[in-house]
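Below: one structure, written as structure tokens.
Just so it is clear, none of the values below were taken in a lab; they were calculated from the coordinates. Here the structure is a predicted model, which is why all the values come from computation and not from measurement. Note that each Cβ is placed from the backbone with ideal geometry, even for glycine, and that neighbours are counted across all protein chains shown.
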Amino acid sequence: MRQEEPTASELPSVDVTLRVNGSSFHARIDPRVTLLDALRDHLGLTGAKKGCDQGACGACTVLADGKRIVSCLALAAQYEDREITTVEGLADNGVPHPMQAAFTRHDAFQCGYCTPGQIMSAVSLLAEGRAGSEDDVREFMSGNICRCGAYPNIRAAIREVASEGDDASL
């Protein structure tokens, strides 16, 4: 006899405390809630976008303990006690992060949908020391898709911040 799957109302909720952009947030969530959905639906942080919902486009990229992750594939409960940084957390007292400013200067966006994920990946790329060449930037940003084709401007913004040695760390 096949056992029936529990319905959503039958699954127990879990209490999680997420550290996001330097603040702690408590939520009671279904254990299957992704980090992306927790950020957007429970915390109101809508910078990370739901693009493909399969981890292939990079629109949902955030940093977890300084490392980039696609938040649509991460369960929120697994990220308790980890430091999550979203694009909303990059600015410092209203002053844009150097990468955010470079994206603006280089017009590195068109529709803007992928921009938060692109910026988060770019910040991580610099922290990883992977912006040594145009080919490096192209390779290590390949997980972030821009449907508008703003890739040359995105790479120019990244190379500017890398070459100026701006403090692009968090």
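Observations
- A64 versus N93: modelled label distance in nm, points set 7 Å from Cα along the beta carbon direction: 3.3
- Basic side chains Lys and Arg get +1 at the Cβ, acidic Asp and Glu get -1 at the Cβ, and with that the dipole of the chain about its Cα centre reaches some 340 debye.
- Amide H partners (placed H, <5 Å) of L75, local residues excluded: L35
- Extending 7 Å from the Cα toward the beta-carbon at both Q54 and E164 defines two label points whose distance is 3.8 nm.
- Here the mean projected area of the convex hull built on the C-alpha positions of the stretch 12-89 is 4.4 nm².
- Dipole orientation for the stretch 12-89: of the candidates A38, C72, A27, C72 has the Cα lying most toward the positive pole (charges on Cβ; Lys, Arg +1; Asp, Glu -1).
- Compared with the dominant principal axis of the Cα atoms in the chain, helix 151-164 is inclined by about 70°.
- Given the choices (i) 32, 17, 13; (ii) 28, 18, 17; (iii) 22, 19, 15, semi-axes √(5λ) of the Cα gyration tensor in Å derived from the coordinates of this structure is entry (i).
- Share of alpha-carbon pairs per 5 Å distance bin for the stretch 98-164, given as whole %: 4, 21, 36, 27, 11, 2
- Annotation for A101 and Q78: the two label points, set 7 Å from Cα along the Cα-Cβ direction, are 3.6 nm apart.
- Cα extents of the stretch 126-169 along the three principal axes, largest first (Å): 29, 17, 15
- The C-alpha atoms of the chain define a longest principal axis, and helix 115-127 lies at about 70 degrees to it.
- For the stretch 54-76 versus the stretch 85-115, the gap between their alpha-carbon centres in whole angstrom: 17
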